[in-house]
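Asks: Sharing a structure, written as structure tokens. Questions coming.
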Amino acid sequence: MVHLGLFCPAETGHLNTMLPLGQEMHRRGHRVTFFGIVDAKSKVLAAGLEFRSIGEAEFPAGASDRLFEELGKLSGVAALLYTMDWIKQSAIVFLKEGPNVLKDAQIEAILVDQISPEGGIVAEFLDIPFITICSALPFNQEPTIPPLFTTWKYNPSWWAVLRNQLVYQLVNPFTRSIKKLRSDYRKSWKLPPEISADSQLAILTQQPAEFEYPRKSLPDYFHFTGPYHNQTSRKPVDFPWEQLTDKPLIYASMGTLQNQLTDVFKAIAEACVGLDAQLVISLGGASLESLPALPGNPIVVSYAPQLALLERAAVAITHAGMNTALECLTYGVPMVAIPVTNDQPGVAARIAWTGAGEIVPFNKLTATRLQTALNLVLTEPSYQENALRLKRSISEAGGVNRAADIIELAISTRQPVNRA
């Protein structure tokens, strides 16, 4: 048994991926400690895991709330750049404090979110194995795979490949400062030049393979395991269940980051007026007072028991965050996606590509467009059929148990764990 560390951003989508993995490893007898800013502490402890804080001076209590509040007002490129700056500031803190904190805790291996590769550098410096966990779409670039911040569908034709490559060339310079930061630390710690920011033992994504474009260049130790979410890793949430009727349920959530876009919630409510369905809107933690009165008398809550509601939902309206999309598919729920920023456009593109839903672009969102998409998804059987097909693929992917098997093998052997 080992003392395993976990490292990821203190944001709900990333925690909801990492904490269930930690719980499964703990169930198997390993000691598990999460390393992060103090705002993650309550969720980590609620999941039954240990917690060690990093960066209390730079990120005191409430810092993530203020950051997420600002991010919740942004969209598109502005939100993407804001996120990248936050990632860099977090990396600076972990590279500065991580070695001493992990060494003091006697960590023997660590799971690192792909969005936070500095965790892997610290692991190398301490000579402990690390595994990369993809909470978002994989960052691995390939010529035939559209950039994850676009809604482009998979297209292997020459012109689409050229388009992809040109965009990669345009955006890669924006990550140079983060790469230089990692390079500088590697030099100061006398580590060899970076071959890859990812683990060389195993990379795990919670996608099933069927929810990803055809990949040709992933390493043999890249595994599509299916999602890890479970209700026990989350705090209980009150909900007025008595207000639900027997009408088809439309569940709407724009996640916990883009939750200040009140015009989106207004468009959602307007789009559902006149439909023979009941609308539930989760504000992802935003205050109910921040939202104006909405038409159609929807049930509006600050937080919702998302998994329990998806068990009853006929369709979901989502920002296309990876966790929410996979949770919908776990229950066979088709979607209408309104992607806002980061990898959400890429997730939305895969929802449409697999036939499990429709996209309404954020910059073209109107109540009329959204209602048209909702009617289509609610009435055309193929959306439900494809969502159920992906539900089956998720149940066959192995989920958290398969992921934990791979993690244990990689840690015990310190050798790459290749796909069978």
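Asks: Binning at 10 angstrom from zero up to the longest distance, how are the C-alpha pair distances of the chain distributed in percent?
Replies: Reading the bins upward from 0: 5, 22, 33, 27, 11, 2, 0.
Asks: Another one. Which order do the peptides 135-145, 99-109, 287-297 take when ranked by the mean count of other beta-carbon atoms within 10 Å per residue, highest first?
Replies: Details: 135-145: 19.3, 99-109: 16.6, 287-297: 12.0.
Descending mean neighbour count gives 135-145, 99-109, 287-297.
Asks: Determine, from the Cβ-Cβ distance of residue 194 and residue 235 and an R0 of 35 Å, the FRET efficiency 1/(1 + (r/R0)^6), rounded to the nearest 0.05.
Replies: After rounding, the FRET efficiency stands at 0.40.
Asks: Then there's this: I need the Kirkwood Rh of the range 238-395: take the reciprocal of the average 1/r across all distinct C-alpha pairs and report it in angstrom.
Replies: Values: mean 1/r = 0.0658 Å⁻¹.
Roughly 15.2 Å, rounded to one decimal.
Asks: For the range 196-300, with only Lys/Arg (+1) and Asp/Glu (-1) charged at the beta-carbon, what is the dipole magnitude about the Cα centre, in debye rounded to 20?
Replies: Here the range 196-300 has a charge dipole of around 200 debye.
Asks: Using the beta-carbon distance between residue 52 and residue 263 and R0 = 30 Å, what value does 1/(1 + (r/R0)^6) give for FRET efficiency, to the nearest 0.05?
Replies: 0.15
Asks: How do the peptides 361-370, 205-214, 314-323, 154-163 rank, highest first, by the average count of neighbouring beta carbon atoms within 10 Å per residue?
Replies: 314-323, 205-214, 361-370, 154-163
Asks: Sticking with this structure for a sec: Note the full-extension length gain between residue 308 and residue 420 as 0.36 nm times their separation in residues minus their Cα-Cα distance, in nm to one decimal.
Replies: 36.9 nm
Asks: Another question, then. Full-extension gain between residue 27 and residue 293, please, as 0.36 nm times their residue separation minus the C-alpha to C-alpha distance.
Replies: Values: separation 266, 0.36 × 266 = 95.76 nm, distance 4.54 nm.
This chain segment gains 91.2 nm when fully extended.
Asks: Oh, and also: What distance in nm lies between label points placed 7 Å from Cα along the C-beta direction at residue 368 and residue 165?
Replies: It is 4.2 nm.
Asks: Now, a different point. Can you put 83, 413 in order, fewest other beta carbons within 10 Å first? Please list the in-between numbers first.
Replies: Details: 83 19, 413 11.
Lowest count first: 413, 83.
Asks: Measure up 41/266; 103/190; 88/180; 153/179; 266/364 against 22 Å on the Cα-Cα distance and list the ones that go over.
Replies: On the way: 41/266 34 Å; 103/190 18 Å; 88/180 11 Å; 153/179 29 Å; 266/364 14 Å.
Violating the 22 Å Cα-Cα cut-off are 41/266; 153/179.
Asks: Right, another one. How far is helix 344-353 tilted, in degrees, relative to the longest principal axis of the Cα atoms in the chain, given as a value from 0 to 90 rounded to the nearest 10?
Replies: Tilt relative to the chain: about 60 degrees.
Asks: If you don't mind, another one. At R0 = 22 Å, how high is the FRET efficiency between residue 141 and residue 81 if r is their beta carbon distance? Nearest 0.05 is fine.
Replies: According to the calculation, E is roughly 0.70.
Asks: Once you place label points 7 Å from the Cα toward the Cβ at residue 396 and residue 157, how far apart are they in nm?
Replies: Computed distance between label sites residue 396 and residue 157 equals 3.1 nm.
Asks: Tell me which trypsin sites (Lys or Arg not before Pro) from the range 188-285 have a DSSP coil assignment and no more than 16 other beta carbons within 10 Å of their own.
Replies: Here the trypsin sites (Lys or Arg not before Pro) that fit, given the DSSP loop and packing criteria, are 190, 215, 216.
Asks: Hey, another quick one. Just want the ordering: 14, 3, from fewest to most Cβ atoms lying within 10 Å of their own Cβ. The partial results should precede the final answer.
Replies: Numbers: 14 23, 3 17.
So the residues, fewest neighbours to most, are 3, 14.
A short reminder: the numbers here are calculations on the coordinates, not readings from a lab. On a predicted model such as this, the values are computed, not experimentally measured, just so you know. No Cβ is skipped: glycine too gets one built from the backbone with ideal geometry, and neighbour counts run over all protein chains shown.
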